[in-house]
Amino acid sequence: MTATAQPTQGMRGTDNIALGITLSVIVVVVFGIQDATSKVLAQTHSPFQVIMIRYWAFAAFSLVVALRQAPARALLRSNAPVRQVLRGVLLIGDIWTFGLAIRTVPLAELQAISQIYPLLVTLLAVPFLGETVGIFRIAAVVVGFAGALVIVRPGGLPVTTDVIFGAGSATCYAVYIVLTRQVSRRDSTATSMVYVGVVGLILSTAVGIFYWTPFAPQEWLLIGVLMVTMVAGHGLMMRALALAPASVLQPFNYLSLPWNITLSFVVFGHLIDPISLVGVAIIAGAGLVVMARERHKAAVRPANAEVLAPRE
């Protein structure tokens, strides 16, 4: 899951922006450790069980943060309740499908496939947000999807059910971002956080509890790592977004690609092949083009409009 990004009012000093960038890089490292831990646990336990525990930590974090801003009754009062609930469903759908994919898909390739979400947001923004997409963004979308095809080419990453789950995860998250932009015009960020936390907590527990199997003593240490990285990652992300504009921080999210390539090799002994590495670079380049155009558009939006949020 990822925090929703909103520009904050006023000017930020260069020192604050530098600190925000530093924190965003740390977030990438923390979320990479979280994904690697999830992959280890998913080898012996259902992803639904692992995700349920992850979501307990995230829900507790989001509710504590939101309740510091307003009473629970006020936070649950939404001007777009159906879309808020749908956001929660889409986010847990994103996490579920990512968790299913991580069982067999190498971290590096899965992270690359997941990074097509800014391209999908670009496509969805036309019918759902009424945005006009120029030639540069259209070209970036085409090139980005071509990069994904390089990764799943014949002889490359096999197109398995888990790979399809990875693409489904990116799709769920892209629709979630579009809906988040819509509801941000009608509800506060705190209300959006509460709905995501509550809906995800209910759904993840309702499903995950049926997949419960006992953890070995040493696995509880990994559970601890999972919950700490979940809370720490989102806490640091929110702090980074308070210090620097999301449009400045977004490009650093692509550091997750080399970091996951490293983790995939060190933890699981998987080395990405050179051609797939080219595909990763193509996706990252296309995403950066989209983000550059998004940053330009964000500069002319109202101060309370949302920009593309970084993804864990």
Count of residues meeting criterion [farther than 18 Å from Leu23 by Cβ and surrounded by fewer than 17 Cβ atoms within 10 Å (Cβ to Cβ)] in the range 230-260: 1
Going through Ser38, Ser62, Ser24 one at a time, which residue ends up being over 18 Å from Leu257 (Cα atoms), among the hydroxyl-bearing types (Ser, Thr, Tyr) and in a helix (DSSP H, G or I)? Ser62
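From the list Leu271, Leu263, Leu277, which residue is among the aliphatic types (A, V, I, L, M), farther than 21 Å from Arg185 by Cα, assigned to a loop (DSSP other than H, G, I, E, B) and at pLDDT 80 or above?
Of the residues listed, the single one that is among the aliphatic types (A, V, I, L, M), farther than 21 Å from Arg185 by Cα, assigned to a loop (DSSP other than H, G, I, E, B) and at pLDDT 80 or above is Leu271.
This table checks each residue for (1) touching a helix residue (DSSP H, G or I) at 6+ places or on another chain (Cβ under 7 Å); (2) at pLDDT 85 or above.
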site	(1), (2)
Gln84	yes, yes
Ala101	yes, yes
Pro106	yes, yes
Glu109	yes, yes
Gln115	yes, no
Gly144	yes, no
Gly147	yes, no
Val159	no, no
Ala167	yes, yes
Answer yes or no: is there a residue in the range 220-229 that is closer than 30 Å to Leu129 by Cα, surrounded by 17 or more Cβ atoms within 10 Å (Cβ to Cβ), modelled with pLDDT of 85 or more and hydroxyl-bearing (Ser, Thr, Tyr). no
Among the residues of the range 201-210, is there at least one that is at pLDDT below 85 and in contact with a Leu (Cβ under 9 Å, 6 or more places away or on another chain)? no
Take the conditions modelled with pLDDT of 90 or more, aromatic (Phe, Trp, Tyr) and either touching a helix residue (DSSP H, G or I) at 6+ places or on another chain (Cβ under 6 Å) or surrounded by fewer than 19 Cβ atoms within 10 Å (Cβ to Cβ) (or both) and apply them to Phe48. Does it pass? yes
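Just name the residue that is surrounded by the most Cβ atoms within 10 Å (Cβ to Cβ) out of those in the range 77-112 that are aliphatic (A, V, I, L, M) and under 23 Å from Val150 (Cα atoms).
Pass one, the range 77-112, residues aliphatic (A, V, I, L, M): 80, 82, 85-86, 89-92, 95, 100-102, 105, 107-108, 110, 112.
Going one step further and asking which of them are under 23 Å from Val150 (Cα atoms), we end up with 100-102, 105, 107-108, 110, 112.
Numbers: Leu100: 22, Ala101: 27, Ile102: 26, Val105: 23, Leu107: 26, Ala108: 27, Leu110: 26, Ala112: 30.
This residue is Ala112.
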The range 250-288 - residue that is of a type in the set (Phe, Trp, Tyr) and within 25 Å of Leu41 (Cβ to Cβ) and, of those, nearest to the chain's Cα centre (by Cα): Trp259
What residue, of Gln69, Gln34, Gln43, is in contact (Cβ under 8 Å) with a residue 24 or more places away in the chain and out of contact with any helix residue (DSSP H, G or I) (no Cβ under 8 Å at 6 or more places or on another chain)? Gln43
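The values are calculated or read from the model by the stated rules, or taken from the named source; none is laboratory data. A quick note: this is a predicted structure, and the numbers were derived from the prediction, not measured. Please note: Cβ atoms are built from the backbone with ideal geometry, for glycine as well, and neighbour counts cover all protein chains shown.
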